[in-house]
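A.B. asks: I'd like to ask you about the structure that follows.
The values are calculated or read from the model by the stated rules, or taken from the named source; none is laboratory data. None of the values given here were measured: they were computed from a predicted structure. Every residue, glycine as well, gets a Cβ built from its backbone with ideal geometry; the counts of neighbours run over all protein chains shown. The area values use the complete protein model at the heavy-atom level, side chains included, leaving out ligands, DNA and RNA. Shrake-Rupley method; radii C 1.70, N 1.55, O 1.52, S 1.80 Å.
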Amino acid sequence: MTGKLYIGTNTKMFQTGTEAETYIRKMDDLIDDIRDRLEFFFIPSFTSLERSVRAVGDRIRIGAQNMAWEDRGQFTGEVSPLMLEEIGVRFVLIGHSERRHVFGETDGMEAAKVRLAADHGFTVLLCVGETAEQKDAGRSIQAVREQLEKAAGVLGPEEARERLWIGYEPVWAIGTSGVPASASYAEDMHGAIKGVLRQMFDGDGAEIPVLYGGSVNASNAPEIIARDGIDGLFIGRSAWDPDRFNGIIRSVLPVFESRASKQL
Ligand code: 13P
């Protein structure tokens, strides 16, 4: 972890290339005076990646929403890490809830992607999160533990510390029909995830940032970021208007920094 606030957005299957470029140019201006205090990232559609990289260079970390688990092959419709590297993308989202639950990706697939991404020196934002059924059955921690062990267990401690970020996104909290997790529930789950990471990677595990995502908005963001173990926010809908997103970032940054300074 860098001591900075991890914050960014995934635009899912919204925003054309033109829209994404306009958006990220505006965000680049809006966060200019605070960018050194942020690990800010933008994860647009594949067709928006190259122009987003061109628009903001290395001032903003640009990531892909998915990646194939092989460098090349007969995988119609997939995008290889070689293709991402070629356009300057070195950050990838793996195992988003929509990939797992809409497109049927398994932990085995996520593990292969995580391994290949690390081999290419990418930073990986690996998403984990329990379903409503798992939560109701009292199996939330067990569910995320399994996802972490299977998908991130392919990494050694040092590469996990250097390359791995975790997005904790409870499936029931994401999207238009989602209900945001309470701050205390998120805090408990982050504590459990950090415990699993420490078991998996010893001291290196304690350095892996864990971001919360799922219906984060202007009203709940400050109370969520005030909680221990929450190193950042991964936001969908509420981040897609630049001024609104900038407002959220500015409201949570002092809360995060004051919490971080107390922990020193
Ligand atoms: P929402 O903030 O729209 O619930 O989406 C969260 C998410 O899935 C980010 O990847």
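A.B. asks: Scan the stretch 4-48 for residues that are open to solvent by 60 Å² or more (accessible area, probe 1.4 Å) and outside any helix (DSSP H, G or I) and report the count. So that I can check it myself, show each step before the final result.
C.D. replies: Here is the first cut: in the stretch 4-48, the residues open to solvent by 60 Å² or more (accessible area, probe 1.4 Å) are 4, 13-14, 16, 18-19, 22, 25-26, 29, 32-33, 36-37, 46-47.
In the following step, the residues that additionally are outside any helix (DSSP H, G or I) were identified as 4, 13-14, 16.
Residues in the stretch 4-48 being open to solvent by 60 Å² or more (accessible area, probe 1.4 Å) and outside any helix (DSSP H, G or I): 4 in total.
A.B. asks: Of all residues in the stretch 194-235 being open to solvent by less than 10 Å² (accessible area, probe 1.4 Å) and more than 16 Å from the ligand (Cβ to nearest atom), which is nearest to Arg163 (Cα to Cα)?
C.D. replies: The selected residue is Ile208.
A.B. asks: Only residues that are more than 11 Å from the ligand (Cβ to nearest atom) and more than 17 Å from the chain's Cα centre (by Cα): list them for the stretch 160-186, please.
C.D. replies: Within the stretch 160-186, Ser182, Ala183, Ser184, Tyr185 meet the criteria.
A.B. asks: Still on this structure, please answer the following. One residue is enough: does the stretch 83-98 have a residue meeting the conditions of a type in the set (Ser, Thr, Tyr), buried (at least 22 other Cβ atoms within 10 Å of the Cβ) and touching a residue at least 12 places away in the same chain (Cβ under 8 Å)?
C.D. replies: Start the filter on the stretch 83-98 by keeping residues that are of a type in the set (Ser, Thr, Tyr), which leaves 97.
Those still in the list that are buried (at least 22 other Cβ atoms within 10 Å of the Cβ) too: 97.
So of that shortlist, the ones also touching a residue at least 12 places away in the same chain (Cβ under 8 Å) come out as 97.
Checked against the condition, which is being of a type in the set (Ser, Thr, Tyr), buried (at least 22 other Cβ atoms within 10 Å of the Cβ) and touching a residue at least 12 places away in the same chain (Cβ under 8 Å), the stretch 83-98 yields at least one hit.
A.B. asks: Could you say whether any residue in the stretch 122-136 is without any contact (Cβ under 8 Å) to a residue 60 or more places away in the chain, in contact with a helix residue (DSSP H, G or I) (Cβ under 6 Å, 6 or more places away or on another chain), away from the ligand (no atom under 15 Å from the Cβ) and farther than 23 Å from Thr9 by Cβ?
C.D. replies: yes
Matching residues to (1) over 14 Å from the mean Cα position of the chain (by Cα); (2) under 20 Å from Arg163 (Cα atoms); (3) away from the ligand (no atom under 16 Å from the Cβ):
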{"residue": "Asp32", "(1), (2), (3)": "yes, no, yes"}
{"residue": "Arg51", "(1), (2), (3)": "yes, no, yes"}
{"residue": "Ala55", "(1), (2), (3)": "yes, no, yes"}
{"residue": "Gln65", "(1), (2), (3)": "no, yes, no"}
{"residue": "Ala68", "(1), (2), (3)": "yes, yes, yes"}
{"residue": "Gly77", "(1), (2), (3)": "yes, no, yes"}
{"residue": "Glu86", "(1), (2), (3)": "yes, yes, yes"}
{"residue": "Val89", "(1), (2), (3)": "yes, yes, yes"}
{"residue": "Arg99", "(1), (2), (3)": "no, no, no"}
